[in-house]
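> Could you have a look at this structure, given as structure tokens, before my questions?
The values are calculated or read from the model by the stated rules, or taken from the named source; none is laboratory data. The structure presented is a predicted model; accordingly, all values stated were derived computationally and were not measured. We place every Cβ from the backbone using ideal geometry, glycine too, and count neighbours over all the protein chains shown.
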Amino acid sequence: MGRETAGTSGNTDLLVHHGSTDAPTVDVNEVSGPSVLVNDISYGEFDPNGYLELPTADYTINISTADGVTVVASYDAPLATLGLNNAAAVVVASGFLDPTVNSNGPAFGLWVALPSGGALVALPPAGSTPTEPTVSAPSPTLPESEVLSVYSDTYTTNTVSGFVFQDFINGGGISSQVDIESDGNTTGKIENLAFYGPRFDAIDLSVESSPGVPMYDYVHFDYYATTSTELRFYIIDGDLGACCGDAREPRYVINASGGDELLEQGVWKSVFIPLSQHINFSGLAGLTWNGNPVTQLKFEGNGDFYFDNIYFSKNISLSNNDFNKTTFSAYPNPTQNSWTIKGANAKIESINVFDILGKVVLKLSPNTSEARIDGSTLKAGIYFAQIKTLSGIDSVKLIKQ
């Protein structure tokens, strides 16, 4: 029978399954120790000895042929980093050692099915675990007038009040603020994540700047994952009527298998999430998320990661490069049919129009200083035009009535 918790406190219990059709019968060894963890396991088998009971730690393992002569593969198994203390999980070997003779199928790998469910977590090849960041997250480029900042050293004028860096965190988690480049720019760091969140005085995200036009359309954050393989982000609506792991809570999922967005380790990534993603979350089951009141944000997932530049915005910043930008305008705006895009003495190379979910709905290559966007086929709503010139990239909000 499957387990969710370890039989002994301080341990992690693992049930190993061999599911790779072209891999031989193998042993599994911990690199720094001589003992065999799993002995003579063949395709289609679970470890006949049942659950492997290990002290919770981060390991490196070798998968070797049963005679111990050939190392088939080596992996990092960061049990502590994945937050598996006192937990049980299933480890599955799958894929092909030689995909080229197996219809170019998926390559061999090890995956962990966590007791909390969700996507399988791929174990990284030995020695490939990403290093800590050496630079801070790129400075955001949106005008401060378009932003309500929660956590950022770049935006200091329009910010939430009463900010508390750690309002809650799982028992084994550690939160801290670090200065990566020793330049006064602080970055959030979370180790051994299961759940973590900051809080602040209540804000109302349902406010409109004019009838039918939300004050803010997006929430943004930057992340740098060292060992995290999944992050789930929540904007907590105090009147939702669901919390604390309830499946009806709206969330945005970033993981190594895809989710709403593919997680990447070892690099700073910028994430813009449309607030409509929470409003229209498919699992609400009759509940209403309208962003009022919001006093907390929450990250769930595993492993270690850094974050910075959490803010709500009217637009998305489509480039973090330091461009010498030309300011473009769109008119009429709102419109029922089309917009004219115009900038001062700048030839427009291309225009991509995005809907509020980030999907490209129109593409143009005008190569002129003035361009017309035909919106007659678009539904009423808010869009963003990404405008590329030789000087860089700008963006303009478009409203279709």
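> Counting just the residues of the range 182-211 that are exposed (fewer than 13 other Cβ atoms within 10 Å of the Cβ) and in contact with a strand residue (DSSP E or B) (Cβ under 9 Å, 6 or more places away or on another chain), which one comes out nearest to P334 (Cα to Cα)? Steps first, please.
Keep residues of the range 182-211 that are exposed (fewer than 13 other Cβ atoms within 10 Å of the Cβ), which gives 182-184, 201, 204, 207-211.
Filter once more, keeping what is in contact with a strand residue (DSSP E or B) (Cβ under 9 Å, 6 or more places away or on another chain): 201, 204, 207-208.
Numbers: D201: 33, D204: 24, V207: 19, E208: 15 Å.
Looking at residues that are exposed (fewer than 13 other Cβ atoms within 10 Å of the Cβ) and in contact with a strand residue (DSSP E or B) (Cβ under 9 Å, 6 or more places away or on another chain), I get E208.
> Evaluate the range 213-234: report whether one residue or more is in a loop (DSSP other than H, G, I, E, B) and buried (at least 24 other Cβ atoms within 10 Å of the Cβ). Outline the logic, then answer.
Restricting attention to the range 213-234, the residues satisfying the condition of being in a loop (DSSP other than H, G, I, E, B) are 215-217, 226-229.
Still in the running and buried (at least 24 other Cβ atoms within 10 Å of the Cβ): 228-229.
Checking the range 213-234: at least one residue is in a loop (DSSP other than H, G, I, E, B) and buried (at least 24 other Cβ atoms within 10 Å of the Cβ).
> What single numbered condition from (1) buried (at least 18 other Cβ atoms within 10 Å of the Cβ); (2) out of contact with any His (no Cβ under 6 Å at 6 or more places or on another chain); (3) within 30 Å of I190 (Cβ to Cβ) fails to hold for V26?
(3)
> Listed residues V90, V121; which is in contact with a Phe, Trp or Tyr (Cβ under 7 Å, 6 or more places away or on another chain), of a type outside the set (G, A, S) and crowded, with 17+ Cβ neighbours inside 10 Å? First the steps, then the outcome.
On the way: V90 fails: in contact with a Phe, Trp or Tyr (Cβ under 7 Å, 6 or more places away or on another chain).
Within the list V90, V121, the selection yields V121.
For (1) in the same structural domain as F354 (by TED's automatic domain parsing); (2) outside any loop (DSSP other than H, G, I, E, B); (3) modelled with pLDDT of 90 or more; (4) surrounded by 15 or more Cβ atoms within 10 Å (Cβ to Cβ), each residue gets a yes or a no:
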position	(1), (2), (3), (4)
R248	no, no, yes, yes
H278	no, yes, yes, yes
A285	no, no, no, no
W289	no, no, yes, yes
T295	no, yes, yes, yes
K298	no, yes, yes, yes
Y306	no, yes, yes, yes
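> In addition: Here's a check for you: in the range 373-383, which residue that is modelled with pLDDT of 80 or more and surrounded by 15 or more Cβ atoms within 10 Å (Cβ to Cβ) is nearest to T340 (Cα to Cα)?
Ranking the qualifying residues of the range 373-383, first place goes to I373.
> Between G83, G44, G68, which is outside any strand (DSSP E or B), closer than 24 Å to N170 by Cβ and not hydrophobic (A, V, I, L, M, F, W, C)?
Details: G44 fails: closer than 24 Å to N170 by Cβ; G68 fails: closer than 24 Å to N170 by Cβ.
Just one listed residue meets the conditions, G83.
Results for (1) assigned by TED's automatic domain parsing to the domain that holds P214; (2) at negative phi; (3) crowded, with 19+ Cβ neighbours inside 10 Å; (4) modelled with pLDDT under 80, shown as yes or no for each residue.
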{"residue": "T65", "(1), (2), (3), (4)": "no, yes, no, no"}
{"residue": "V69", "(1), (2), (3), (4)": "no, yes, no, no"}
{"residue": "G95", "(1), (2), (3), (4)": "no, no, yes, no"}
{"residue": "V101", "(1), (2), (3), (4)": "no, yes, no, no"}
{"residue": "S116", "(1), (2), (3), (4)": "no, yes, no, yes"}
{"residue": "S128", "(1), (2), (3), (4)": "no, yes, no, yes"}
{"residue": "S139", "(1), (2), (3), (4)": "no, yes, no, no"}
{"residue": "V150", "(1), (2), (3), (4)": "yes, yes, yes, no"}
{"residue": "G162", "(1), (2), (3), (4)": "yes, no, no, no"}
